[in-house]
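A.B. asks: My questions will all concern the structure given below.
The values are calculated or read from the model by the stated rules, or taken from the named source; none is laboratory data. Owing to the predicted nature of the structure, the values given are computational and were not obtained by experimental measurement. Because the Cβ atoms are built from the backbone with ideal geometry, glycine has one as well, and the counts that use them run over all protein chains shown. Side chains are part of the model used for accessible areas, which takes the heavy atoms of the whole protein and leaves out ligands, DNA and RNA. Shrake-Rupley method; radii C 1.70, N 1.55, O 1.52, S 1.80 Å.
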Amino acid sequence: MAEPTRAIGRRLNAVAWLVIASGRRAGTDIRLGRNAMVGRDATQSDIVLDDSTVSSQHLKVRYEGGRFVLYDLGSANGTQVNGNRVQKHLLMDGDEIKLGRTRLIFKEVR
């Protein structure tokens with residue numbers, strides 16, 4: 001099992017982010033705020049993925065009670081976390097999120 005993500009030196013502005021692990025923007029880090037909509041449509045999503053197998057509004061990540069929670073928004077191809085299809089999932093550091101052909105890694109500093 002991988003070591004938890006931790007801050008070295010000064011604390012980061014954002015406590016969580018997504019790393020695009022596959023797809024056109026692989027290697028890109030995206031810092032998360034309190035609410036983030038993820039999808040293909042740039043007019044409806046905060047995080048836009050150029051992947052035809054991702055729904056216009058595929059999922060959202062919300063900060064609730066001190067934790068980040070993922071919600072699938074009834075996407076056509078579904079959302080998987082660590083290989084399991086989910087509708088709602090309490091995210092943990094290192095979780096792998098698969099939507100369409102794109103893989104994201106959730107990273108969190110606690």
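A.B. asks: Please go through segment 74-110 and pick out each residue that is hydrophobic (A, V, I, L, M, F, W, C), in contact (Cβ under 8 Å) with a residue 24 or more places away in the chain and more than 16 Å from residue 16 (Cα to Cα).
C.D. replies: Scanning segment 74-110 gives a single hit, 99.
A.B. asks: Scanning for something over 21 Å from residue 109 (Cα atoms) and at pLDDT below 95, does segment 11-22 turn up at least one residue?
C.D. replies: Yes, that holds for at least one residue.
A.B. asks: On the basis of being open to solvent by 70 Å² or more (accessible area, probe 1.4 Å) and in contact with a Lys or Arg (Cβ under 7 Å, 6 or more places away or on another chain), does residue 35 make the cut?
C.D. replies: Against the criterion (open to solvent by 70 Å² or more (accessible area, probe 1.4 Å) and in contact with a Lys or Arg (Cβ under 7 Å, 6 or more places away or on another chain)), residue 35 qualifies.
A.B. asks: Having 2 or more residues that are of a type in the set (Val, Ile, Thr) and surrounded by 13 or more Cβ atoms within 10 Å (Cβ to Cβ) is the bar; report the strands (runs of 3 or more DSSP E) wholly within segment 64-110 that clear it.
C.D. replies: So the answer is 79-81, 102-108.
A.B. asks: OK, next. Identify the residue in segment 49-63 that is under 16 Å from residue 19 (Cα atoms) and open to solvent by 50 Å² or more (accessible area, probe 1.4 Å) and, among all such residues, is nearest to the chain's Cα centre (by Cα).
C.D. replies: 60
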